[in-house]
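J.: Have a look at this one before I ask anything.
Please treat every number below as a calculation from the coordinates, not as lab data. The structure presented is a predicted model; accordingly, all values stated were derived computationally and were not measured. Virtual Cβ from ideal backbone geometry, glycine too; neighbours counted across all protein chains shown.
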Amino acid sequence: MSEQGTRQELVRRAIEFDHPWRMPTCSSPMGTSYTDDVVYVFPEFQGNKWWLNQGGADEWGCEWKLSETTTDMGQVVGHPLQNLRDISRLPRPNGNDPIRYRHLNDQITQADDRYVVFCNGTCLFERAHMLRGFEQFLTDLYEDPDGVDALLDCVIQYQIESVAHLATHFAGRIHAYRVTDDWGTQDASIISPALFRRHFFPRYKALFDHVHEAGMHVWFHSCGRHEDILEQLIEAGVDVANLCQPRVFDIPEFGRRFAGRVAFEGTCDMQTTLVSNDPALIRREANDLLTHWTTESGGWLLARDFPLEPSGIKPEALTTMVQAFLEGDPWGRG
């Protein structure tokens, strides 16, 4: 613990725009590490994990196939829900199962005064299209909206159960609840804001309300360009947005729209800037992000570590990025 306070308090201040005394750092969300201010923990998956594993079926019955580079997440190639009328037959995991959480006490103890984030994987949209198939699920939104609602209710119930268990058994010891749904392509949101409002907003809002009632922040990862969806996610209650592709946005305009309204767990663009391995470009983008996406009272957490392969990002590029952000730290100067 520093003279100013715990690392948990540091991260809280950054998220809530309450004047952190320096920039918090986060390690890779692909595993549990105790090297930074933020520690990610995970449920004990029953069956194969949904990422970075050997392939096969996950807890929901979705079949994964890894790419030739086994550090990649791979793709879902088998979709178990062939008919929306068969939702009751899905092998949905039980968010109340204590076995899923039996390892957390030791991890929380080891985290010491760090800020602990519980990562519960794909949230709503991604799990639904993994179950149905991407194109089929988009078709369902138009051809069977009632069936879509039934599927989304089934999926979100698992998340709500998980939050309830954490609230009962780990109150005050887990500080954020992290989920992921990729909502954008390189150019635009995958669905219209109207469709999002109809099917997804109410369910996100219900989940995020439960998270906040449990005393946790909502931490949300989403790739792609999705400003109109992010607008609604913030309205629903997202506190921290993890964005790995800032260059799909107009960085100054995006900052004018969102800086101060949501905190960012961020990095230089993984698809373009970092993979260029160009130190000057990396430093320039880090400066742009700190200039446009932060405020004098907070709003930025540095995602400083993630799997480098098969991305083509060299370790030196990551080192340059971390140095650039920490040297430009708006809250730790002087």
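J.: Treat each spin label as a single point 7 Å out from the Cα along the C-beta direction, and report the Asp182 to Thr109 distance in nm.
T.: With each label placed 7 Å out from Cα toward Cβ, I get 3.9 nm.
J.: Apply the Karplus curve 6.51 cos²θ - 1.76 cosθ + 1.60, θ = phi - 60°, to the phi angles in segment 266-272 and return the couplings in whole Hz, x for Gly and Pro.
T.: Values per residue, Gly and Pro as x: x, 7, 5, 4, 6, 7, 10 Hz.
J.: List Tyr115, Tyr158, Tyr142 from most exposed to least, where exposure is judged by having the fewest other Cβ atoms within 10 Å. Numbers along the way, then the final one.
T.: Values: Tyr115 25, Tyr158 19, Tyr142 9.
With the sparsest Cβ surroundings first, the list reads Tyr142, Tyr158, Tyr115.
J.: Quick check: Cα centre of segment 115-151 to Cα centre of segment 185-199, how many Å?
T.: Taking the Cα centre of segment 185-199 as reference, the centre of segment 115-151 is 13 Å away.
J.: Only one of the values (i) 20.5; (ii) 26.3; (iii) 21.7 was calculated from this structure for Kirkwood radius over Cα pairs in Å; name its label.
T.: It is the one labelled (i).
J.: Can you tell me the dipole magnitude for the chain around its Cα centre, using point charges on the Cβ only (Lys, Arg +1; Asp, Glu -1), in Debye to the nearest 20?
T.: Numbers: 30 positive and 49 negative charges, 67 e Å.
With Lys and Arg at +1 and Asp and Glu at -1, about 320 debye.
J.: Tell me, what is the percent relative contact order of segment 247-334, built from C-alpha pairs under 8 Å that lie six or more residues apart? Display every interim value, and only then the final one.
T.: Numbers: 113 pairs, mean separation 32.8, N = 88.
That works out to 37 percent.
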